[in-house]
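Computed from the coordinates by the stated procedures, all read-outs in this text should not be read as laboratory data. Everything quoted here is computed from the prediction, not taken from an experiment. Note that we place each Cβ from the backbone using ideal geometry, even for glycine, and neighbour counts take in every protein chain shown.
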Amino acid sequence: MDNKASRLLLVFAALSGAVTVSLGAFAAHGLKAHLPPYLLGVFETGVQYQAWHTLAIFGCAILARILPSKGVSYAALFFVAGIILFSGSLYALALTGIKWFGPITPMGGVCFIIGWVALAVAAWRSA
């Protein structure tokens, strides 16, 4: 991963962090009175996974400057896809109640898992 791609990931992570905090506050203060507890929990799960994987993307962007490898790049891209699919589908499900968003969530979970495995492989192969 070159410095431009690393910089782009850092920007994405920073913006995702801001969005995560905003969505967490929105859930705590704006949605609490409007959603049943189950759907509020669904939304909060999306926020938690977005927060953890935002930090993972940030770590990948920093690591890419120290340990340039395709594995680190792939990990970051799968973390981004995971946030979009996993957290995004949970937000959509909680806010709309449309059940067909539910089957999208596991695809995001698989992206998270692939990202972590890619990161482990990159670490293993590092010199």
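Just a few scattered comments:
- With Cα atoms, 0 to 90° folded angle of helix 3-25 axis to the chain main axis: 20 degrees
- The stretch between Ile104 and Val21 holds 27.6 nm of extra length on full extension. This uses 0.36 nm per residue minus the Cα-Cα distance.
- Descending semi-axes in Å of the chain, equivalent ellipsoid built from Cα gyration tensor: 30, 15, 10
- Site pair Thr96 and Trp124 shows an inter-label distance of 3.9 nm when each label is modelled 7 Å from Cα along Cα→Cβ.
- Using alpha-carbon coordinates, inclination of helix 37-66 to the longest axis of the chain, degrees: 10 degrees
- Put a plus charge on the Cβ of each Lys and Arg, a minus charge on the Cβ of each Asp and Glu, and nothing anywhere else: the dipole of the range 1-101 about its Cα centre is then about 160 debye.
- Here the calculated FRET efficiency for Trp116 and Ile66, from their Cβ-Cβ distance with R0 = 22 Å, stands at 0.75, rounded to the nearest 0.05.
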